[in-house]
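Take a look at the structure below.
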Amino acid sequence: MPDLGLTLARSYAAATKTPTLGTHVGEVLTWNSTTSTNTIRVQGVVLNNLPVLTSAGSVSLSPGSVVELLKVRTQYFVLGRVVDQSTGLVNPQFPIRLYPQFKALRAVGTVGYWNVANGTLASWEGRIKVSFPYVEIDGTWGPDTGGSTTMYQLQLGGNVVGEWTETAVVSARRGPFDIRAFIGQDWLKIEVKMTSSTGGGNAALQVIGCYFRDSI
């Protein structure tokens, strides 16, 4: 017959041991979005090259980002970025990848690199599965030099879900745009297009970020 005192002692010891699983919050100090090499400060300690459990959203991480970490015994893993839900962005963030379908006029590394001559209709394009009701896009828009107006559209599967006009060059978010009619569709083409530009000079078409939102 087992000793009751010994059984209780073992149960108490197991209950008071440090858990093998836990979560922590860390601050990103450096992040390479291509290789995911990183330095992250956790509880005042700087850790190097923590493994990432998912690549979704990792491209959007940068110095100053707050990330949720999973701790398994002594090893930390990056789960994803912590986002204030009052912003309406889905949490964790899932960036929509868009790729330029045109050749930029300026040299790499210069301000306003992604622009085109007025009168040139150009676009950025990607593929998505629509799982959220809204989408918002951030970028630099408008007549960069010499122009008077530029017009843009955001399209899903060739359908216009949002459009706007700029009369001066700005860096700003546009949207959110309602995409509830497309929820569930897979491998859907998403495009941000310059549909009209007037005057001489150049027009800006610089995508900085594109994200799903769960509310307006």
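Any read-out appearing in this document is the output of simple, stated calculations on the displayed coordinates, not a laboratory observation. Everything numeric here is computed off the predicted structure, so don't read it as measured data.
Quick rundown of the values:
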{"quantity": "Long-range amide H partners of GLY119 with built H, under 5 Å", "calculated": "SER197"}
{"quantity": "³J(HN,Hα), Karplus 6.51/-1.76/1.60, whole Hz, each residue of the range 136-148, x for Gly, Pro", "calculated": "9, 10, 10, x, 10, 10, x, x, 6, 9, x, x, 10"}
{"quantity": "Under 16 Å from LYS129, Cα to Cα: aspartates and glutamates that are on another chain or at least 8 residues apart", "calculated": "ASP178, ASP186, GLU191, ASP214"}
{"quantity": "Vicinal HN-Hα couplings computed from phi for the range 201-214 (Karplus, 6.51 cos²θ - 1.76 cosθ + 1.60; Hz; Gly/Pro x)", "calculated": "x, 10, 10, 7, 9, 10, 7, 9, x, 9, 9, 6, 10, 9"}
{"quantity": "Amide H within-cut-off set for ARG127, under 5 Å, with H built and near neighbours excluded", "calculated": "ILE190"}
{"quantity": "Karplus-derived HN-Hα couplings along the range 33-50 (A = 6.51, B = -1.76, C = 1.60, θ = phi - 60°), whole Hz, x at Gly and Pro", "calculated": "6, 7, 9, 6, 5, 7, 10, 9, 8, 10, 6, x, 10, 8, 10, 10, 6, 5"}
{"quantity": "Gyration tensor verdict on the range 127-183 (Cα atoms; rounded if a/c is under 1.5, prolate if a/b is larger than b/c, oblate otherwise)", "calculated": "prolate"}
{"quantity": "Amide H partners (placed H, <5 Å) of GLU163, local residues excluded", "calculated": "LEU154"}
